[in-house]
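Below is one structure, written out as structure tokens; the observations come after it.
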Amino acid sequence: MDEVLGPLIAADGGEIELVGLVDKRLLVRLGGTCAGCPGRPYTLARIIQPLVKKWLGDDIRVEAVID
């Protein structure tokens, strides 16, 4: 995740942090410019989720943790 998603998100000034894996839910925290970005749902659904499913399987769901 750090090698692929980190640089991809950082290219637009964002940050991604793995919070944990709970009941087939991968919890991530989006920071930097992603924190208040209205495109965050798109980033999760169209960029992060497909890559995570490819790596970990189709039954994994990605959820953003909001502080």
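Points worth noting:
- Any chance Pro50 is out of contact with any strand residue (DSSP E or B) (no Cβ under 8 Å at 6 or more places or on another chain) and at pLDDT 95 or above: yes
- Candidate set: the range 27-52, residues that are open to solvent by 40 Å² or more (accessible area, probe 1.4 Å) and part of a loop (DSSP other than H, G, I, E, B); chosen: the one nearest to Ala64 (Cα to Cα): Ala35
- Scanning the range 1-17 for residues that are in contact with a helix residue (DSSP H, G or I) (Cβ under 9 Å, 6 or more places away or on another chain) and not acidic (Asp, Glu) returns Met1, Val4, Leu5, Leu8, Ile9, Gly14, Ile16.
- When Lys24 is tested against (1) over 10 Å from the mean Cα position of the chain (by Cα); (2) surrounded by 14 or more Cβ atoms within 10 Å (Cβ to Cβ); (3) among the basic types (Lys, Arg), just one condition goes unmet, and that condition is (2).
- Cross-chain or 6+ apart pairs with Cβ under 9 Å, the range 2-19 first and at positive phi, then surrounded by 13 or more Cβ atoms within 10 Å (Cβ to Cβ): Gly13/Gly32; Gly13/Thr33; Gly13/Cys34
- Qualifying residue in the range 28-39 (condition: among the aliphatic types (A, V, I, L, M) and in contact with a Leu (Cβ under 7 Å, 6 or more places away or on another chain)): yes
- From Glu63, Glu17, residue being open to solvent by 80 Å² or more (accessible area, probe 1.4 Å) and assigned to a strand (DSSP E or B): Glu17
The values are calculated or read from the model by the stated rules, or taken from the named source; none is laboratory data. Because the structure is a prediction, the values reported are computed rather than measured. Cβ coordinates were reconstructed from backbone atoms using ideal geometry, including for glycine residues, and neighbour counts include every protein chain displayed. Note: areas computed on protein heavy atoms with side chains; ligands, DNA, RNA excluded. Shrake-Rupley method; radii C 1.70, N 1.55, O 1.52, S 1.80 Å.
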